[in-house]
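Working notes, beginning with the structure itself.
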């Protein structure tokens with residue numbers, strides 16, 4: 001008789017894939033009695049998860065962007081429902097990706113499969129009414145931002161602040177000097193990282209103005225050097241196509257995003273989890289984002305936060321500039337960049353704020369804490 005417990009893990013985004021992989025590793029270190037299935041990417045697959053569907057087919061942002069992926073999303077949905085019915089898993093771990101996962105939570109709940117939701121939907125930003133839905137469908141919330149737990153406690157949800165998994169993933173011992181040596185960047189060079197996002201649509205919308213800003217900055221700072229750390233979800237051709245017409249020798253490296261961040265004097269980057277990585281690295285940044293007009297209009301009505309970048313949200317104020325929609329131009333990005341580069345006091349203020357972020361995020365050990373919760377929910381010692 002097979003005594004192993006079947007866990008379904010669903011991660012629809014690159015960050016969730018990474019968090020899921022670290023969770024699987026942590027569960028494996030605590031118990032040999034677990035086998036994992038689900039939706040994820042290459043990181044989860046490396047840890048031995050039996051992928052039922054690839055998350056690379058699912059990652060989207062915004063309302064209109066979903067339409068291009070609706071066929072993939074529908075196939076993934078059917079695949080998951082069939083697996084739940086045929087294999088009766090012992091636990092579901094749903095990581096972020098709320099548009100899909102909150103609906104899937106109901107299917108698990110209706111089939112008597114307990115749900116551990118890891119990485120909360122951003123109910124503090126928009127659609128707070130989803131907390132009531134979560135209370136009905138989710139057995140336990142494992143939240144990664146310090147202010148999230150109280151929102152769920154108020155609604156009677158079983159919740160635990162586990163800390164942020166990025167602190168387990170990022171190399172805390174990596175110094176600026178070591179990162180520069182590894183990347184071949186001179187100690188005295190002005191080094192700027194360009195991070196246009198991890199989705200194809202983001203790269204297409206944001207990389208051209210980032211490259212334009214780099215060209216402006218290069219004319220003001222002739223010895224500056226620029227590098228793009230390529231996300232695993234983005235093909236090199238997509239990036240090279242955007243920079244082919246530039247007169248700058250912009251370098252592309254595979255992955256190595258945190259090395260680029262630690263080595264950089266400044267980051268010009270898309271809003272997202274990466275801004276928190278940059279803050280943990282302690283590097284000033286300019287955050288940019290651009291959505292389709294319809295998605296943006298809906299967001300303006302529904303979103304209730306003053307900042308869009310996680311780095312600013314965790315700090316609690318707009319410590320680094322954020323540019324949205326029509327503000328995302330080469331000229332405006334370069335202007336905000338120069339304000340930081342030319343103001344030593346401003347740079348130090350940003351670094352001081354970012355030094356406090358690690359403590360706010362709960363320290364290391366998030367993956368182990370969530371693994372213990374998952375095993376307890378399955379009755380695995």
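Looking across region 343-381, the residues that are assigned to a helix (DSSP H, G or I), farther than 22 Å from residue 146 by Cβ and touching a strand residue (DSSP E or B) at 6+ places or on another chain (Cβ under 8 Å) come down to 375, 377, 378.
Within region 252-263, track down each residue that is buried (at least 19 other Cβ atoms within 10 Å of the Cβ) and over 20 Å from the mean Cα position of the chain (by Cα).
Step one: of region 252-263, the residues buried (at least 19 other Cβ atoms within 10 Å of the Cβ) are 257-263.
Result: 263, single match.
Counting the residues of region 199-209 that are in contact with a strand residue (DSSP E or B) (Cβ under 8 Å, 6 or more places away or on another chain) and either closer than 30 Å to residue 54 by Cα or free of Cβ contacts under 8 Å to residues at least 24 places away in the same chain (or both) gives 3. The single condition among (1) out of contact with any strand residue (DSSP E or B) (no Cβ under 8 Å at 6 or more places or on another chain); (2) assigned to a strand (DSSP E or B) that residue 172 does not satisfy is (2).
Just give me the residues in region 214-240 being closer than 23 Å to residue 255 by Cβ, in contact (Cβ under 8 Å) with a residue 12 or more places away in the chain and in a helix (DSSP H, G or I), in sequence order. Residues satisfying the conditions are 214, 236, 238, 239, 240. For region 1-44, the set of residues classified as under 22 Å from the mean Cα position of the chain (by Cα), modelled with pLDDT of 95 or more and surrounded by fewer than 24 Cβ atoms within 10 Å (Cβ to Cβ) consists of 22, 25, 26, 37, listed by residue number. Of the numbered criteria (1) touching a strand residue (DSSP E or B) at 6+ places or on another chain (Cβ under 8 Å); (2) surrounded by fewer than 22 Cβ atoms within 10 Å (Cβ to Cβ); (3) within 23 Å of residue 324 (Cβ to Cβ), the one residue 212 fails is (1).
Within region 241-273, being in a helix (DSSP H, G or I) and closer than 30 Å to residue 346 by Cβ holds for 242, 243, 257, 258, 259, 260, 261, 262, 263, 273. Return the only residue of 337, 371 being surrounded by 13 or more Cβ atoms within 10 Å (Cβ to Cβ) and in the same structural domain as residue 210 (by TED's automatic domain parsing). Answer to the selection: 337.
The values are calculated or read from the model by the stated rules, or taken from the named source; none is laboratory data. These numbers were taken from a predicted model, which means no experiment stands behind them. A quick note on method: Cβ atoms are made from the backbone with ideal geometry, for glycine too, and the neighbour counts reach across all protein chains shown.
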